[in-house]
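Please read the structure below before turning to the comments.
Please treat every number below as a calculation from the coordinates, not as lab data. Remember, predicted model here, so these are calculated numbers, not experimental data. Reconstructed Cβ throughout: ideal geometry from the backbone, glycine too, with neighbour counts over all protein chains shown.
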Amino acid sequence: MNQQRIQEILARIEQVTVAVYGDFCIDAYWMLDPKGSEVSEETGLHARAVARHYYSLGGASKRRRESGGAEAQGDSGDRRGR
């Protein structure tokens with residue numbers, strides 16, 4: 001590929017529109033605290049305490065964010081809680 005061809009491609013790339021299609025979801029991560037766990041009186045099952053949690057984009061929403069199109073509609077960003 002020569003320099004002129006590269007310049008042509010770079011000039012045309014501003015006109016490109018990209019669509020991201022797929023499952024838009026949120027990944028949830030719960031870090032359990034074994035010290036805070038107990039047996040439920042109602043069910044007799046072991047209840048686990050959550051020490052911390054965070055949420056991040058998953059599926060196609062992560063790919064959309066990585067593409068860098070900040071002006072796109074529906075960009076929920078990365079939501080993290082502790």
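Using +1 at the Cβ of each Lys and Arg and -1 at the Cβ of each Asp and Glu in segment 4-66, identify which of Ala28, Leu10, Ser56 lies farthest towards the dipole's positive end.
The residue sitting farthest along the positive end of the dipole is Leu10.
Enumerate the residues in segment 6-37 having an amide nitrogen under 17 Å from the point lying 7 Å beyond the Cα of Arg63 toward its Cβ.
17-27
Skipping prolines and chain starts, which residues have an amide H placed within reach, meaning under 5 Å, of the one on Leu32, given they are 5 or more residues away or on another chain?
Ala51
With θ taken as phi - 60° and the coefficients 6.51, -1.76 and 1.60, list the Karplus ³J(HN,Hα) couplings across segment 42-59 in order, rounded to whole Hz; mark glycine and proline as x.
Per residue, the Karplus-derived 3J(HN,Hα) values read 6, 10, x, 8, 6, 8, 10, 8, 9, 6, 7, 8, 8, 10, 9, 5, x, x Hz.
Which distance in Å, rounded to a whole number, links the C-alpha centroids of segment 38-68 and segment 1-20?
Segment 38-68 and segment 1-20 have Cα centres spaced 41 Å from each other.
Show me the chymotrypsin sites (Phe, Trp or Tyr not before Pro) within segment 1-62 that DSSP assigns to loop and that have at most 16 other Cβ atoms within 10 Å of their Cβ.
Sites meeting the loop and neighbour criteria: Tyr21.
Could I have the simple spin-label model distance between Val16 and Asn2, label points 7 Å from Cα toward Cβ, reported in nm to one decimal?
Distance between label points: 2.3 nm.
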